[in-house]
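For reference, the structure discussed in these notes is given below.
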Amino acid sequence: MRYAADHKDQTREKLLESSAAIAKHGGFSASGVAGLMKAIGLTGGAFYSHFSSKDELFAAIVRRELSHSLRRLGGGAEASRAQLQRCLARYLSMAHVERPDSGCAIPSLGAEIARAEPAVREEAERWLRELHLVWSEVLGDAQLAWALIAQCVGALLLARMMASAESQEEVLTASHGFIEKTLG
């Protein structure tokens, strides 16, 4: 049976999407190749027709996920302070706390990215620098842009660490208040 010409690309995209969700939910290093492939209905052996190694898959996940974050949080040419504040409100939400598999990869995978091969860290740095550049232009302050990125990632990570919804909300509310004061 012959596959459509774009079958390999579609399978690779399914693998990236599924693997990213699995990794953001349970960690990338804890996910085996066989389990990642099984999630999309294929055998572990098929993995190597798409990626030469698990590290290569991780770099592709980082690239894919951070490019999505840049589109959601960067705002493009029409980026404004008001739009940035709306994006940050969505970022610092209980929905984002409760659904790590469909949210930003940095709070979920940041520690693993920090321990990863240089190619993975370089990929993350490239996308973070692009986001920083956009926010720096919107805010008119490069240091403030880095501080807000760190504030958002840190607040989401802390909220996810909390056992109670009350504590999670407290962290998010404090972070929102800080950002509102800072951005005026």
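The values are calculated or read from the model by the stated rules, or taken from the named source; none is laboratory data. It should be emphasised that the depicted structure is a prediction, and the values quoted were computed from it without experimental measurement. Glycine also receives a Cβ, built like all others from the backbone with ideal geometry; neighbour counts cover every protein chain displayed. Heads up: the accessible areas ignore ligands, DNA and RNA and are worked out on the full protein's heavy atoms, side chains in. Shrake-Rupley method; radii C 1.70, N 1.55, O 1.52, S 1.80 Å.
State, as an integer percentage, the relative contact order of the chain based on alpha-carbon contacts under 8 Å between residues 6 or more apart.
Taking the mean separation of contacting Cα pairs over the length of the chain, I get 22 percent.
May I ask for the angle, rounded to the nearest 10°, between helix 54-74 and the longest principal axis of the chain, with both axes built from Cα atoms and the value confined to 0 to 90°?
40 degrees
Leaving out ligands and nucleic acids, and using a 1.4 Å probe, what accessible area per residue does segment 99-144 come to in Å²?
It amounts to 54 Å² per residue over segment 99-144.
Go through Met94, Met162 and list them by solvent-accessible area, largest first, probe radius 1.4 Å.
Solvent-accessible surface, decreasing: Met162, Met94.
What accessible area, in Å² to the nearest ten, does a 1.4 Å probe give for Trp127?
Accessible area, nearest 10 Å²: 40 Å².
With each pseudo-label sitting 7 Å past Cα toward Cβ, what's the Asp101-His25 distance in nm, one decimal?
0.1 nm
If ligands, DNA and RNA are left out, what is the accessible area of Thr182 with a 1.4 Å probe, given in Å² to the nearest 10?
In the full protein context, Thr182 sits at about 50 Å².
Which part of segment 24-65 falls in the paramagnetic zone of Arg121, meaning amide N under 15 Å from the point 7 Å along Cα-to-beta-carbon?
Under 15 Å, as judged by backbone N against the label point of Arg121, lie 59 of segment 24-65.
Between Leu133 and Ser93, what FRET efficiency comes out of the Förster formula 1/(1 + (r/R0)^6) with R0 = 35 Å and r the beta carbon distance, rounded to 0.05?
0.90
Need one number: nm distance between label points at Ile40 and Gln83, each 7 Å from Cα along Cα→Cβ, rounded to one decimal.
Inter-label distance under the simple model: 3.1 nm.
Enter the angle in degrees (range 0 to 90, nearest 10) between the Cα long axis of helix 7-26 and the first principal axis of the Cα atoms of the chain, meaning the one along which they spread out most.
Once rounded, one gets 50 degrees.
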